[in-house]
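The next block holds one structure in the form of structure tokens; read it before the comments.
The values are calculated or read from the model by the stated rules, or taken from the named source; none is laboratory data. Keep in mind that this is a model prediction, so the values were computed, not measured. In this analysis, Cβ positions are derived from the backbone assuming ideal geometry, glycine residues included, and neighbour counts consider all displayed protein chains. Remember, those area values only see protein heavy atoms, side chains included, never the ligands or the DNA or RNA. Shrake-Rupley method; radii C 1.70, N 1.55, O 1.52, S 1.80 Å.
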Amino acid sequence: MGDSGEKEGQGLDGRTILHVVPTLAEGRISRTVLALAAAAAAAGARPIVAAEKGPLVGDLQAAGGEWVAFDLDGWSPVAAIGNIAHLRGLLDREAVDLVHVHAHARFAALSGLLAARFARIPVIASFHGPPAEGFAGRRLDRTLLGARVVTAPSRHIAGVLRSGAAAKRVDRIAGISPGFDLTRFAAERISARERADFRAIAGLEGSERVIIHHARFHPDKGQVVLVDAVRLLVNGGLDGTVFLIVCDGPDQPDYRAMLDQRIRAQGLDGVVRLVAAAEAGPAALASAHLAVAPSIAPDPVGRSAVEAMAMGLPVVASDIGALRDLVTAAPSAPAGEEVGFRVPAGDAMALAEAIGRAVELDPRSRIAMSGRAAARARRFSRPRLQDQMVAIYRRVLAD
């Protein structure tokens, strides 16, 4: 785990903690559950994961956890009763002290919450993304907000959850680390060959300044605003700079065609380059000097910004959503704590001005900001999540 300073084993010895998830298939949230099970085991607890069998069962067992089969049979009144009864029996057989449910799979989470209530066992509910949309989803979320403690992966999501919670439950909701796996996002881990391969893919010669935007390919991420800001910068005399838009996500040919046309219409061919995420990876960030996160809709967790900071990149970000908390910047951040710049969302002029200020930093200021960015990224890493969640387990079980 991280460097919280807490002694392993204190307060969790012999305690049984049950996680309820639909499956142990490969994926970010399943990996997070495995990390939490490993942290609990290291602290002296007995972690169990109730889930459908999946390829990560062996990884769970290697991390010190146990797997118990739990097949979620959909959601209907009859299926719900069966799921709750199955989990209720499991709580008794395994002498479970604490139940941890995960709200990305709301029916499984609700089954775990209700079974624990019948057994009078405390529950922690973790949201790993934004709250549900639609009437039914919001009702399920309101039920999950009745857990003893509710965790959210950003202050932004915690605030949204508080706005929909009953007044008596607001103080139960905590924004904690989203638990990003940042092991690959460290400059020293990227080989010279990987950097050279990426430069060849992106058509970089090595002498140009590289500014990168890496995110999901979607209008909400502000790619259009970035292109407009680049035009303003070029008009103002910026040269020797290449802007890379490295995007993943579902194919959106109409949006990509529109963005391509906008780049050509503004005469930015070669200055702004689109690169597929599959061809990039961490080497793209290791080849850059500055990252830009110009989202025009609130980003729930800000993964791309954290990965860029972990690589030591200052970040220019929109002042909305999770980015507001992730990217400390003047005037709200104390002098010497800035890791980048924040601008109003959707404002191409403000974005261009902030990029210009970042480019004009003197070498000493740039190096200092880079170091602060890498240090801040660790606050949102998986080890930090493990430390914070073990502390929550201890607090809940001590009540």
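Taking segment 144-164 as the search range and keeping residues that are assigned to a helix (DSSP H, G or I) and in contact (Cβ under 8 Å) with a residue 40 or more places away in the chain, which one is nearest to Arg15 (Cα to Cα)?
Leu144
Any residue that is among the aliphatic types (A, V, I, L, M) and touching a residue at least 40 places away in the same chain (Cβ under 8 Å) - is there at least one of those in segment 321-338? Can you show your working first?
Within segment 321-338, the subset among the aliphatic types (A, V, I, L, M) is 322-323, 326-327, 329-330, 333, 335.
Filter once more, so that each one left must be touching a residue at least 40 places away in the same chain (Cβ under 8 Å): 322, 326.
Yes: one or more hits.
Need pairs with beta-carbon distance below 6 Å; first residue closer than 27 Å to Ala103 by Cα and within segment 172-194, second in a helix (DSSP H, G or I) and aliphatic (A, V, I, L, M); sequence gap 6+ or separate chains.
The qualifying pairs are Ile173/Ala158; Ile173/Leu161; Gly175/Ala158; Ser177/Leu385; Gly179/Leu385; Phe180/Val306; Leu182/Ala310.
Only one of these is part of a helix (DSSP H, G or I) and of a type outside the set (D, E, K, R): Leu313, Leu351. Name it.
Details: Leu313 fails: part of a helix (DSSP H, G or I).
Testing whether each residue is part of a helix (DSSP H, G or I) and of a type outside the set (D, E, K, R) leaves just Leu351.
To keep it simple, each residue is scored yes or no on (1) of a type in the set (A, V, I, L, M, F, W, C); (2) closer than 30 Å to Asp362 by Cβ; (3) touching a Leu at 6+ places or on another chain (Cβ under 7 Å).
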residue: Phe198; (1), (2), (3): yes, yes, no
residue: Val210; (1), (2), (3): yes, yes, yes
residue: His213; (1), (2), (3): no, yes, yes
residue: Val224; (1), (2), (3): yes, no, yes
residue: Gly240; (1), (2), (3): no, yes, no
residue: Tyr255; (1), (2), (3): no, no, no
residue: Met258; (1), (2), (3): yes, no, no
residue: Gly281; (1), (2), (3): no, no, no
residue: Leu290; (1), (2), (3): yes, yes, yes
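Residue by residue through segment 97-143, note down the ones that are in contact (Cβ under 8 Å) with a residue 40 or more places away in the chain, buried (at least 24 other Cβ atoms within 10 Å of the Cβ) and farther than 17 Å from Leu397 by Cα.
Residues satisfying the conditions are His102, Ala103, Ala108, Ala109, Ser111, Gly112.
Only one of (1) more than 30 Å from Thr16 (Cβ to Cβ); (2) of a type in the set (D, E, K, R); (3) in contact with a Lys or Arg (Cβ under 9 Å, 6 or more places away or on another chain); (4) surrounded by 18 or more Cβ atoms within 10 Å (Cβ to Cβ) fails for Arg382. Which number is that?
(1)
Touching a helix residue (DSSP H, G or I) at 6+ places or on another chain (Cβ under 6 Å), at pLDDT 90 or above and acidic (Asp, Glu): which single residue out of Asp228, Asp248, Asp220, Asp239 fits that description? Break it down stepwise before answering.
Values: Asp248 fails: at pLDDT 90 or above; Asp220 fails: touching a helix residue (DSSP H, G or I) at 6+ places or on another chain (Cβ under 6 Å); Asp239 fails: touching a helix residue (DSSP H, G or I) at 6+ places or on another chain (Cβ under 6 Å).
Testing whether each residue is touching a helix residue (DSSP H, G or I) at 6+ places or on another chain (Cβ under 6 Å), at pLDDT 90 or above and acidic (Asp, Glu) leaves just Asp228.
If a residue must be closer than 24 Å to Arg394 by Cα, of a type outside the set (A, V, I, L, M, F, W, C) and more than 28 Å from the chain's Cα centre (by Cα), how many such residues does segment 60-96 contain?
Residues of segment 60-96 closer than 24 Å to Arg394 by Cα: 60-68, 87-88, 90-96.
This time we only want the ones that are of a type outside the set (A, V, I, L, M, F, W, C), so: 61, 64-66, 88, 92-94.
Going one step further and asking which of them are more than 28 Å from the chain's Cα centre (by Cα), we end up with 88, 92-94.
Adding up the residues that qualify gives 4.
Could you tell me whether segment 180-201 includes any residue that is crowded, with 20+ Cβ neighbours inside 10 Å, part of a strand (DSSP E or B) and not small (Gly, Ala, Ser)? Talk me through it step by step, then tell me what you get.
Going through segment 180-201, the residues crowded, with 20+ Cβ neighbours inside 10 Å turn out to be 180, 182, 185, 190, 198.
Those still in the list that are part of a strand (DSSP E or B) too: 180.
Next cut, not small (Gly, Ala, Ser) only: 180.
Checked segment 180-201: at least one residue is crowded, with 20+ Cβ neighbours inside 10 Å, part of a strand (DSSP E or B) and not small (Gly, Ala, Ser).
For the structure I just gave you, tell me whether Val246 is open to solvent by less than 60 Å² (accessible area, probe 1.4 Å) and in a strand (DSSP E or B).
Numbers: open to solvent by less than 60 Å² (accessible area, probe 1.4 Å): yes; in a strand (DSSP E or B): yes.
In short, yes.
Which residue pairs have Cβ atoms closer than 6 Å, lie 6 or more positions apart in sequence or on different chains, and pair a first residue in segment 222-244 that is at positive phi and without any contact (Cβ under 8 Å) to a residue 24 or more places away in the chain with a second residue that is open to solvent by 10 Å² or more (accessible area, probe 1.4 Å) and among the hydroxyl-bearing types (Ser, Thr, Tyr)?
none
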